[in-house]
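**Student:** Next up is a structure, given as structure tokens.
Taken together, the values in this text are just the output of simple stated rules run on the coordinates, not laboratory data. Keep in mind it's a predicted model, so treat the numbers as computed, not measured. Reconstructed Cβ throughout: ideal geometry from the backbone, glycine too, with neighbour counts over all protein chains shown.
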Amino acid sequence: MPIIYSNTVKGTANLHQLHLMLIGFIFIGLMFNSIGINNWAKKIPVEQYSVIRNTAIKMSQTWSEIASMLKLNKPKSMIDDLKQFLLNNLEKEVNLFSNPIQDSQTQEQQQSPLPIIISKSIVEESQIKTVALVGDSLMAVSLAPNLNRELKKLGVTKIIQAYRSGTGLSRPDYFNWMTEYPKLLAGQSPKIIICTIGSNDAQGFQIGNKVYQFGQPEWSEEYSKRLESFLMMLQSQNAQVYWVTLPKMRSPVFDAKIQALNKLVANRLEHQPGITLIPANAILSPESLNTYVEFSRDPKSGQEQLRTEDGIHLSDAGGRKLALGVIAYLKRDGIFAGQDSSK
């Protein structure tokens, strides 16, 4: 018969208490971050993991309700508010003290695939002091900072940063543009909107218990409806929309999906009044429209990198090149007629 010493019993009891404490810490941690877990669950691809996704969403919603009752979400809410406050102030400082990049008009014309044609302005000159930049991370990462610089050189006094990384039209359960976009505008009425969105939309989505596989006719029909609703919202105050298509992607599989999405969007937008389609690849690599181009020749610096390491986003040089191309489209339409962005 084995002899159990008191210190062993005590050690076993302490280990048991340690386990309980660990479980308690994990439980409290889940309560504190229930919203984050819910957002993570909503990002899970619908096609492959619909059961896991739905289970995780339900569990995190339950945790969120418990956390709300126990007021455990209060500290996280305070931290989020502080983070947003700091980001807003940082953005104001960046906009105030940013040092515009000096580009000659010759370089601008070389980088733009379009001649700068002065035509009748679609929007009155007095109405273009406010421009909205709309989209996902393709807008946020490098296109928006470069557009900010170029638009300010053209006299735009207010630029609305209405973009959010990781979002799109496929997953309103994660971020609903139809409800969030008006909040981002905060009562302002831009007459020019530059938009690029869709890099997160090459995936299936779920409505009720039904899963819509990406690229299937039912998916395309539903996505087209969402696209049209989104466009109606953008144009609700007679804004002119400049829609920048998605560039080529490094991964052949992902690129095939992105180009299919580009085609669907182009078919819906091509002849719609008040919307101008801007083909990103025609600006980034006019000499090879159907090829992913990571590097290009620059008259000043020689070789420049257009894309980031992930093969999806644009580098700062790529964002600058695309921004100058977008500005060329605006000038072609008579917007900013006679104004020089090379100053």
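**Student:** Within 10 Å, count the other beta carbons around each residue, average over each peptide in 194-204, 175-185, and list them highest first.
**Tutor:** Working: 194-204: 22.5, 175-185: 14.5.
In descending order of packing, they fall as 194-204, 175-185.
**Student:** Pop a pseudo-label 7 angstrom from the Cα along the beta-carbon direction at both Asp310 and Lys158 and give the gap in nm to one decimal.
**Tutor:** Reported label-point gap for Asp310 and Lys158 is 3.2 nm.
**Student:** Find the Rg to Rh ratio for the range 209-343, where Rh is the Kirkwood radius over alpha-carbon pairs and Rg uses the same atoms.
**Tutor:** Ratio value, two decimals: 1.01.
**Student:** Shifting gears a bit: Can you give me the long-range amide H partners of Gln240? Hydrogens built in the peptide plane at 1.01 Å from N, cutoff under 5 Å, separation of 5 or more residues or another chain.
**Tutor:** Counting only residues 5 or more places away or on other chains, the set is Ile192, Ile193.
**Student:** Using modelled backbone amide H atoms (1.01 Å from N, in-plane), which distant-in-sequence or interchain residues come within less than 5 Å of Ser315's amide H?
**Tutor:** Arg307, Thr308
**Student:** Additional query: For the range 285-290, take each phi angle, set θ = phi - 60°, evaluate the Karplus expression 6.51 cos²θ - 1.76 cosθ + 1.60, and give the result in whole Hz per residue in order, putting x for glycine and proline.
**Tutor:** 8, x, 7, 8, 4, 9
**Student:** Using just the Cα positions, wrap the range 191-261 in a convex hull and report its mean projected area in square nanometres, one decimal place. Mind showing how you got there, number by number?
**Tutor:** Working: hull surface 21.7 nm².
Mean orientational projected area (the range 191-261, Cα hull): 5.4 nm².
**Student:** Can you give me the pair-distance distribution of the range 152-238, C-alpha pairs, 10 Å bins, whole percents?
**Tutor:** Histogramming the range 152-238 at 10 Å steps yields 14, 45, 27, 11, 2, 0 percent.
**Student:** Normalised by the number of residues in the range 198-305, what is the relative contact order in percent for Cα pairs under 8 Å and 6+ residues apart? Please report the intermediate quantities before stating the final value.
**Tutor:** Details: 103 pairs, mean separation 24.6, N = 108.
Reported as a whole number, the value is 23 percent.
**Student:** Residue by residue through the range 198-207, which ³J(HN,Hα) values in whole Hz follow from phi under the Karplus form 6.51 cos²θ - 1.76 cosθ + 1.60 (θ = phi - 60°), with glycine and proline marked x?
**Tutor:** x, 5, 9, 9, 7, 8, x, 9, 10, 10
**Student:** Another question, then. If I model a spin label at Met178 and Arg268 as a point 7 Å from the Cα along the Cα→Cβ vector, what separation in nanometres do I get?
**Tutor:** 1.2 nm
**Student:** Multiply the residue gap between Leu20 and Gln213 by 0.36 nm, knock off their C-alpha separation, and tell me the result in nm, one decimal place. Provide the component values of the computation, followed by the final result.
**Tutor:** Numbers: separation 193, 0.36 × 193 = 69.48 nm, distance 4.33 nm.
Roughly 65.1 nm would be gained on extension.
**Student:** Which value in nm describes the separation of the simple spin-label points at Ala186 and Ala256, placed 7 Å from the Cα toward the beta carbon?
**Tutor:** It is 4.5 nm.
**Student:** Skipping prolines and chain starts, which residues have an amide H placed within reach, meaning under 5 Å, of the one on Ile160, given they are 5 or more residues away or on another chain?
**Tutor:** The answer is Val131, Ala132, Leu133.
**Student:** Still on this model: Suppose every Lys and Arg Cβ carries +1 and every Asp and Glu Cβ carries -1, with no other charges. What dipole size does the range 222-343 come out with about its Cα centre, to the nearest 20 debye?
**Tutor:** Details: 15 positive and 13 negative charges, 28 e Å.
That gives the range 222-343 a dipole magnitude of about 140 debye.
**Student:** What fraction, in whole percent, of alpha-carbon pairs in the range 268-309 exceed 17 Å separation? It would help to have the intermediate numbers written out before the result.
**Tutor:** Details: 407 of 861 pairs.
The proportion of pairs with Cα distances above 17 Å equals 47 percent.
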